[in-house]
């Protein structure tokens, strides 16, 4: 089942995406709320009602479809947003490019940071300030969305708390990020301006055919899903979800230790190997000092694709209302 959030005439709605069409779930079943946040808070009972709507569609029952709509982030108002660090290849390569050794702690436990859950965007234009375009980067990721409340959850049971998966682009302003991280606190302004997710939320049952054995010594489900990124139609990155060294179940176990996880929490995987310009540029410069470094520019089209999860398309747009205001220009020398 593919769940979507969308707007019609400025109002937000919850829908189901089926065979290229969107159907309003509340119109199909009045007991289903007309927004994703309330739907997820209803946990399994409401999810099961949505699955009944899906079943009726599959059986050929007719429902009125939406014609004019604006697709939003599938979870437009998350209760929180965390981002992990699950792909070892990305970490090893990024550290090698900075000429620092790999750290043993990566293989001992998964980590994450909180990012700005109020800066979630969906497909379409992403509005950016001038400082964001100073080494603006994409990050190719998959995200899990929590579907029921829990605390002190073990990895062996954590997959049952996942409502679905979506594509994530953890957009990063690298100049801001690199300056902030020198102070050993962050990332902050380098990350909190926009995180794109979409185009829909895919329930785990739709991905069962992609299940693959989990790495030895790890717990949780692993999916064989190809990941790619194209910038202006040119592929720049590729990887696979199965290369996550830490499973979502293990990441959730750590997230929920001594803390509640809630329906609507978004948890990113972290960047897949080759999944950002920071890594690609660093590797290229190591091999060739004349390597043409690339960063995202205004009007660039970024398309992330993951098997089974669709395509997330965004356009990088200069924020006309923000003018030329710069945080970096305010820096004390």
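For the Cα atoms of the chain, what angle does the longest principal axis make with the long axis of helix 88-97, in degrees from 0 to 90, nearest 10?
Orientation of helix 88-97: about 20 degrees from the principal axis.
Angle check, please: helix 277-287 long axis (alpha carbons) against the longest principal axis of the chain (alpha carbons), in degrees 0 to 90, nearest 10.
Approximately 40 degrees, to the nearest ten.
At q = 0.14, 0.16 Å⁻¹, what is the log10 ratio I(q)/I(0) for the range 67-186, with the Debye formula run over Cα points and no solvent?
-0.80, -1.03
Only counting other Cβ atoms within 10 Å, I'd like 132, 21 sorted with the fewest neighbours first.
Values: 132 27, 21 13.
So the ranking, lowest neighbour count to highest, is 21, 132.
In nm, what is the difference between 0.36 nm times the number of residues separating residue 185 and residue 208 and their Cα-Cα distance?
4.4 nm
Suppose only helical runs count, i.e. DSSP H with n ≥ 4. What mean residue ellipticity at 222 nm does that imply for the chain under -39500 (n - 2.57) per run, divided by all residues and rounded to the nearest 500 deg cm²/dmol?
Using -39500 (n - 2.57) per qualifying helix, the result is -5500 deg cm²/dmol.
Under a GNM of the chain (C-alpha, springs under 10 Å), which listed residue has the highest mean-square fluctuation: 201, 128, 40?
128
How many angstrom lie between the C-alpha centres of the range 171-232 and the range 273-320?
The two parts, judged by their Cα centres, are 14 Å apart.
Using a simple spin-label model with points 7 Å from Cα along the Cα→Cβ vector, what separation in nm is obtained for residue 111 and residue 324?
Inter-label distance under the simple model: 3.9 nm.
Tell me, 333, 36, 41 in order of fewest to most beta-carbon neighbours within 10 Å?
Exposure proxy ranking, most exposed first: 333, 41, 36.
What translational diffusion coefficient, in µm²/s and rounded to a whole number, does the Stokes-Einstein relation yield for the chain at 25 °C and a viscosity of 0.890 mPa s, taking the hydrodynamic radius as the Kirkwood radius over Cα pairs? Spell out each step's value before the answer.
On the way: Rh = 20.6 Å.
My calculation gives 119 µm²/s for D.
Rank-order 106-112, 166-172 by packing density, defined as the average count of other C-beta atoms within 10 Å over each peptide's residues, highest first.
Highest-to-lowest ranking by the protection proxy: 166-172, 106-112.
First check a/c for the range 2-71, with a ≥ b ≥ c the square roots of the eigenvalues of its C-alpha gyration tensor; if it is under 1.5, answer rounded, and if not, answer prolate when a/b is larger than b/c or oblate otherwise.
It is oblate, given that a/c is not under 1.5 and a/b is not larger than b/c.
Against the empirical 2.2 N^0.38 Å scaling, what ratio does the C-alpha Rg of the range 189-331 come to?
Its radius of gyration relative to the 2.2 N^0.38 Å reference: 1.25.
Report, largest value first, the span of the C-alpha coordinates of the range 5-125 along each principal axis, in whole Å.
59, 31, 26
Relative to the longest principal Cα axis of the chain, at what angle does helix 43-58 sit, 0 to 90 degrees, rounded to 10?
70 degrees
Express in nm, to one decimal, how much length is gained between residue 29 and residue 315 on full extension, taking 0.36 nm for each residue of separation and deducting their alpha carbon distance.
That pair, residue 29 and residue 315, stretches by 99.5 nm at full extension.
So if each residue of separation counts as 0.36 nm, and I subtract the Cα-Cα distance between residue 62 and residue 102, what length gain in nm does that give?
Length gained between residue 62 and residue 102: 8.8 nm.
Select from 187, 130, 292 the residue whose mean-square fluctuation is largest in a Gaussian network model of the chain (Cα-Cα springs shorter than 10 Å).
292
Sort the range 267-319 into rounded, prolate or oblate with this rule: let a ≥ b ≥ c be the square roots of the eigenvalues of the Cα gyration tensor; rounded if a/c is under 1.5, and if a/c is not under 1.5, prolate when a/b is larger than b/c, oblate otherwise.
Values: a/c = 2.52, a/b = 1.35, b/c = 1.86.
Because a/c hits 1.5 or more and a/b fails to exceed b/c, the range 267-319 counts as oblate.
Where a number appears in this text, it was derived from the coordinates with a stated rule and is not lab data. Computed from a predicted model, the values in this text were never measured in an experiment. Methodologically, a virtual Cβ is constructed for each residue, glycine included, from the backbone with ideal geometry; neighbour enumeration extends over all protein chains shown.
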